[in-house]
1. Output the residue which, of all residues in region 161-189 that are closer than 13 Å to residue 103 by Cα and of a type in the set (Val, Ile, Thr), is surrounded by the most Cβ atoms within 10 Å (Cβ to Cβ).
2. Being crowded, with 19+ Cβ neighbours inside 10 Å and not hydroxyl-bearing (Ser, Thr, Tyr) is the filter here, so list the residues in region 323-341 that pass it.
3. Of the conditions (1) out of contact with any Asp or Glu (no Cβ under 6 Å at 6 or more places or on another chain); (2) under 17 Å from residue 47 (Cα atoms), residue 281 clears all except one; give me its number.
4. For a quick check of your reading of the model, give me the residue pairs whose first member lies in region 145-172 and is over 16 Å from residue 130 (Cβ atoms) and assigned to a helix (DSSP H, G or I), whose second is open to solvent by 60 Å² or more (accessible area, probe 1.4 Å) and of a type in the set (Lys, Arg), with beta-carbon atoms closer than 8 Å and at least 6 apart or on different chains.
5. Anything in region 201-224 that is open to solvent by less than 70 Å² (accessible area, probe 1.4 Å) and over 30 Å from residue 308 (Cβ atoms)? List them, or say none.
6. Restricting attention to region 75-90, does a residue exist that is over 30 Å from residue 204 (Cα atoms) and open to solvent by less than 50 Å² (accessible area, probe 1.4 Å)?
7. Specify the residue that is farthest from residue 39 (Cα to Cα); the eligible residues are those in region 304-322 that are of a type in the set (Gly, Ala, Ser) and surrounded by 17 or more Cβ atoms within 10 Å (Cβ to Cβ).
8. Would you check which residues across region 74-110 are aliphatic (A, V, I, L, M) and over 26 Å from residue 215 (Cα atoms) and list them?
Amino acid sequence: MAAALFSSGCSRSTPVEARTSNAPDAPTVAVAKATFEDLSRGMVLTAEFKPYQEVDIMSKVAGYVKSIPVDVGDRVKEGQLLATLEIPEMADDRARAQAALDRTQAEVTRAQDQIQQAESVHEMAHLSYSRLAQVSMQKPGLVAQQEVDDAHSKDLVAEAQVSAARSNLAAAQEQVQVNNAELQKIKTLFDYTRVAAPFAGVITQLYADTGSMIQAGTASSIQAMPLVRLSENSLLRLILPVPESAVPTVHIGQQVDVRVKTLNRSFSGRVTRFDEKVSLATRTMDTEVDVPNPSLLLIPGMYAEVDLTLESRAHVVAVPIPAVDVGSDESSGQLYVVTSANEVEIRKVKLGLQTAAEVQILAGVEAGEMVVIGNRAGLRSGQTVQPKVTAMSTAQ
């Protein structure tokens, strides 16, 4: 009987041991935490650095180059001397204009003296006439009327001479102003023989040498030769062709990241102006970004990549893109969430901003929860798994 009991006990225990040994182990899945992140979506545009301003320095007057104290590559300050011209005939013109001014000033002095003389003569003639007229009135017949009339005539003539002298003075003074203006014009033109830098920059090209004959660059029809080319490189420009779809996101003052591959460095830039119109040919809008270059490390002509931020979200719940099964409308999807009991839970979520590596979760998952980022084939809701935390950067 004991043998039977033993045999019976063995027959019952054997199936239990078989079921235990055949039970499948919980699968290991890669998971990552949903975290708070600052997300931004943008696009990369390529452009070429251009000087903030660049100009060929022309001469206002024609003459021979006396000296050019600068050369290609020199950094110059605003107002620094770039070239000196020699114009001998202009010195003669200035001397002639000065002589004409001196002569008219002498005529003014003479006209003033004539006024004083005429006023003195008029004063004596008027006094003589007044006395004779008074005597004639008080004692009729004592003074002949002819004398009174002669005195009156002399008084009127003297008064007319005073008026003429004053007119001569006014004309002389006007001529002084004309001659003075002519002299100032010549002096101004003479000042143009010294060509100065209109702004601080770098000399990028030298057109003339000492002794060269330079024509006055005063008209577009004259093919005048410039002296030098000056480029302001301490501040550079990038002209970006922003696609039509991204035009509404561009605004003045927007900060952008500028990467220069040849230098393996990034620089800070700022949107300063744009066309406010879309080109019909390219469906893009030219947008200018200013990049400070105080050390002149950047050189015009270099290519740069600009990260233009189109949309950003601060401190939002985000998960790696591989964790999301996106729905048909791209604003919804589902996640495989691993609960604290290591069980799979499939949740519907609402999606927000998506970047190259992460996507914003508007609803359905909270920060700190684990989401499956690996292969989800075969996983079902309620299934027990062994989560293996993977860094988000690794998942990306």
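The values are calculated or read from the model by the stated rules, or taken from the named source; none is laboratory data. No experiment lies behind these values; they were computed from the predicted model shown. All Cβ positions, glycine included, derive from the backbone under ideal geometry; neighbour counts span all protein chains shown. Surface accessibility is based on the protein's heavy atoms, side chains included, excluding ligands, DNA and RNA. Shrake-Rupley method; radii C 1.70, N 1.55, O 1.52, S 1.80 Å.
1. That would be 176.
2. 323, 324, 333, 335, 337, 338
3. (2) is the only condition that residue 281 fails.
4. 172/110
5. If the condition is that a residue be open to solvent by less than 70 Å² (accessible area, probe 1.4 Å) and over 30 Å from residue 308 (Cβ atoms), then 203, 206, 207, 208, 211, 212, 214, 216, 217, 219, 224 are the ones that fit.
6. yes
7. 304
8. 99, 100, 101, 106, 108
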